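As structure tokens, the structure follows; a few thoughts come after it.
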Amino acid sequence: MAALACRAMEELRGSLYNEFHTSEGAKRQQQRFCGPGVALTFNFVVSVGIIMANKMVMGSVGFNFPVALSLIHYIAAWVLMAVLRALYLMPIAPPSKSTPFSSLFALGAVMSFSTGLANISLKHNSVGFYQMAKIAVTPTIVAAEFILLKKGVSFRKVITLVIVSFGVAVATVTDLEFNFFGACVAIAWIIPSAINKILWSNLQQSGNWTALALMWKTTPITIFFFLVLMPVMDPPGLLAFNWNFNNSCAIMISALLGFLLQWSGALALGATSALSHVVLGQFKTIVIMLSGFLVFKSDPGLTSLYGAVIALGGMSVYTYLGLKESTTGGKSIPSTSRQSSLSLKSKVIIDGEKPETRPVDSV
């Protein structure tokens with residue numbers, strides 16, 4: 001009896017170890033507790049919060065160094081992950097041979113350019129032109145996934161994405177002020193932004209990477225590129241900024257939200273897809289605009305409200321199509337397996353041999 005109890009305890013210990021201290025177990029735990037709905041909701045709430053925090057930092061605090069602010073965000077994220085790692089709470093990364101270092105390096109580099117150029121674009125462009133650049137990310141992702149991953153999109157989804165983009169454009173593009181330098185930055189930002197989302201989604205879904213493990217590997221690379229970009233893209237005067245207690249607290253709150261935004265964005269991309277994450281970003285824009293109209297009595301104009309309704313309708317249809325395709329995809333696997341099993345059984349009977357009993361799941 002004692003031997004059986006010891007064996008049961010050893011098996012339980014081994015099971016728990018596999019669930020929390022291997023890359024496969026950590027990935028299963030992430031998928032179990034953070035499905036698409038939880039990940040997208042988490043990302044949406046944090047995105048709205050960091051907009052408020054960054055408005056405070058860039059406005060009332062007067063910290064006009066967007067790349068330096070992004071650098072602080074990623075340094076704070078790396079420190080927090082180092083604490084989690086020291087406490088043995090960091091998920092285990094897959095073996096290094098499973099993912100080439102070139103893929104991790106490319107993701108870290110693209111992430112720095114995507115974040116840095118986005119902040120520069122927002123600084124030099126009007127909100128309308130910046131939103132137009134964000135809308136252009138959607139067809140770029142469709143084209144890039146088709147070229148790089150041979151991944152197609154159904155015709156219904158394409159039509160829905162066109163409707164969503166049109167609705168967001170009508171709702172938000174009200175001040176298309178053209179600036180040549182800002183336009184060049186916005187165009188340069190589109191491709192890194194699309195590639196960044198595709199790489200985050202593909203690496204998590206094709207391997208056993210969790211969001212935190214992938215962040216731990218790529219954040220130092222991103223910090224290095226921010227250090228290179230900061231002298232080029234930020235204005236001088238960072239060291240002369242008034243680093244008093246209140247200003248420093250505001251920046252650190254923004255940094256904490258930046259870590260949560262990076263984590264939630266990685267979770268959302270791992271649980272869904274790059275396109276779904278873009279649609280979520282457009283949904284966030286529409287919700288913020290409608291909240292201002294309903295809560296703060298702002299007047300965006302009748303045309304913008306019509307555009308918001310069109311965009312929300314398109315997003316609802318896109319979500320429905322995504323859920324429908326996911327359900328259909330999940331049901332097609334057993335059907336295929338069943339057909340394979342029946343054809344195998346028929347072949348064995350024709351050959352005059354006794355059918356071999358084997359579970360369908362192992363086919």
task = Report the label-to-label distance for PHE101 and TYR320 in nanometres (one decimal), using points 7 Å from each Cα along the Cα→Cβ vector.
result = 5.1 nm
ask   = So what J values fall out for the stretch 204-212 if you push phi through Karplus, 6.51 cos²θ - 1.76 cosθ + 1.60 with θ = phi - 60°, rounded to Hz, Gly and Pro as x?
value = 6, 7, 8, x, 9, 7, 8, 4, 5
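Restricting attention to the stretch 66-156, which chymotrypsin sites (Phe, Trp or Tyr not before Pro) occupy a DSSP loop and are surrounded by at most 10 other Cβ atoms within 10 Å? Working shown, then result.
On the way: sites: TYR74, TRP78, TYR88, PHE101, PHE105, PHE113, PHE129, TYR130, PHE146, PHE155; in loops: TYR88.
Sparse-neighbourhood loop chymotrypsin sites (Phe, Trp or Tyr not before Pro): TYR88.
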key: Efficiency of FRET from Cβ geometry, PHE241 and LEU302, R₀ 56 Å, rounded to 0.05   = 0.85
task = Can you tell me the order of 251-263, 191-203 when each peptide is scored by its average per-residue count of other Cβ atoms within 10 angstrom, highest first?
result = 191-203, 251-263
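Using R₀ = 30 Å, calculate the FRET efficiency as 1/(1 + (r/R₀)^6) where r is the Cβ-Cβ separation of ARG85 and SER60; round to 0.05.
Efficiency computed from Cβ-Cβ geometry: 0.30.
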query = Any idea how far the Cα center of the stretch 242-281 sits from the one of the stretch 208-239, in Å?
reply = 14 Å
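Values in this text are rule-based calculations from the coordinates and carry no lab data. Keep in mind it's a predicted model, so treat the numbers as computed, not measured. With ideal geometry, Cβ positions are generated from the backbone for all residues, glycine too; neighbour counts draw on all protein chains shown.
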